[in-house]
Structure formats: C-alpha cells, structure tokens
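Chemist: Let me begin by handing over the structure; questions about it come next.
The values are calculated or read from the model by the stated rules, or taken from the named source; none is laboratory data. Note that this is a predicted model, so its numbers are computed, not measured. Here Cβ is always computed from backbone atoms with ideal geometry, including for glycine, and neighbour counts include all displayed protein chains. Calculation scope for accessible area: heavy atoms of the full protein, side chains included, ligands and nucleic acids excluded. Shrake-Rupley method; radii C 1.70, N 1.55, O 1.52, S 1.80 Å.
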Amino acid sequence: RVGTGIACVATNVFRMTSSSSFGMVATNATQLTADQNDYNPSCAGFWRLTSDASRTITGIAGPTSGRILYILNAGSNPIILANQSASSKDANRFLMQGAKAWDLNANCIIMLLYDVTTERWRTVTSA
C-alpha cells in the first residue's frame, strides 16, 4: 500500500525552464487558517506556506514511494508538523527525528522524504 488520497506523479515535481535550467515546481498554497489533517494543497515538490496563527499539519495525503517534498514557511507564524498524529491516516503521518513535533518557524524550510517501507514522511533535514 502506498498511502491514501491523491497520488502525485513525478512529472509534477520538476521542470526545465526556458533558459535550460532545472528547477522544482512550486506552489503558493492558500493561507492555513486551521490545523490540517491529511493535507495536500498540490503535487508540486516545493510548497510555500503561510498561516494566520500557529497551525499544525498532522500528515500529508498523496504519498508515493521516494517522493521528496520541500516546505517553506513563508509567513511569520510557526507551522508545526506533528509526529505520528492519529488525526491523519496511517500512511500520511510524519515520523520525525526524536519522535517530537517539528516547529517550522518563519523563513525556515524542511525537506521530507516518503518512506514506503514504514509508510511515513521522514525528515531529511537534520535537527
């Protein structure tokens, strides 16, 4: 089983620009105004997020084996990635280093990798 929800296809993650440079497809998601379970604003490989207050994301829907995702907190309020939260489906949950929630503070970025063996999003970024 490779997660639940919307499956993201690798062709939506990277692109060649007109100047022949290689880059990630980015999305500016709608501002978070509530905590999010099984969140998935797009299949892009780079999400720019903002929130109106401190908000928690408990999992990301649409995982595929080996998917890499960068999340940037482009706002001024923290966005918390909850560790192993039962509020999201099993296959959409985070398995964070140290079994603690990850505080994604303003202007910080995190790199996540989906591990199909454990069916969890794992941090690639070191704490």
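Chemist: Within the range 66-83, how many residues are under 18 Å from Y114 (Cβ atoms) and more than 14 Å from the chain's Cα centre (by Cα)?
Modeler: 0
Chemist: Check the range 18-26 and report whether any residue there is touching an Asp or Glu at 6+ places or on another chain (Cβ under 8 Å) and modelled with pLDDT under 55.
Modeler: Just the residues of the range 18-26 that are touching an Asp or Glu at 6+ places or on another chain (Cβ under 8 Å), to begin with: none.
There is no residue in the range 18-26 that is touching an Asp or Glu at 6+ places or on another chain (Cβ under 8 Å) and modelled with pLDDT under 55.
Chemist: Given the criteria surrounded by 16 or more Cβ atoms within 10 Å (Cβ to Cβ), at positive phi, modelled with pLDDT of 80 or more and assigned to a loop (DSSP other than H, G, I, E, B), does G62 qualify?
Modeler: Taking the combined requirement at face value, the residue satisfies it.
Chemist: Checking G98 against (1) touching a Phe, Trp or Tyr at 6+ places or on another chain (Cβ under 9 Å); (2) open to solvent by 50 Å² or more (accessible area, probe 1.4 Å); (3) not basic (K, R): exactly one of these is not met. Which one?
Modeler: (1)
Chemist: Just the residues that are more than 16 Å from S54 (Cβ to Cβ), at pLDDT 95 or above and polar (S, T, N, Q), please, taken from the range 88-116.
Modeler: S88, N92
Chemist: From Y114, Y70, grab the single residue that is aromatic (F, W, Y), assigned to a strand (DSSP E or B) and open to solvent by 40 Å² or more (accessible area, probe 1.4 Å).
Modeler: Y70
Chemist: Now for a different question. In contact with a helix residue (DSSP H, G or I) (Cβ under 8 Å, 6 or more places away or on another chain), without any contact (Cβ under 8 Å) to a residue 60 or more places away in the chain and open to solvent by 50 Å² or more (accessible area, probe 1.4 Å): is that true of Q31 in this structure?
Modeler: No: the conditions fail for Q31.
Chemist: Name the single residue, out of those in the range 102-111 being among the aliphatic types (A, V, I, L, M) and under 25 Å from S65 (Cβ atoms), that is surrounded by the most Cβ atoms within 10 Å (Cβ to Cβ).
Modeler: Initially, the range 102-111 is screened for residues among the aliphatic types (A, V, I, L, M), giving 104, 106, 109-111.
In the following step, the residues that additionally are under 25 Å from S65 (Cβ atoms) were identified as 104, 109-111.
Values: L104: 22, I109: 14, I110: 18, M111: 14.
Per the criteria, the residue is L104.
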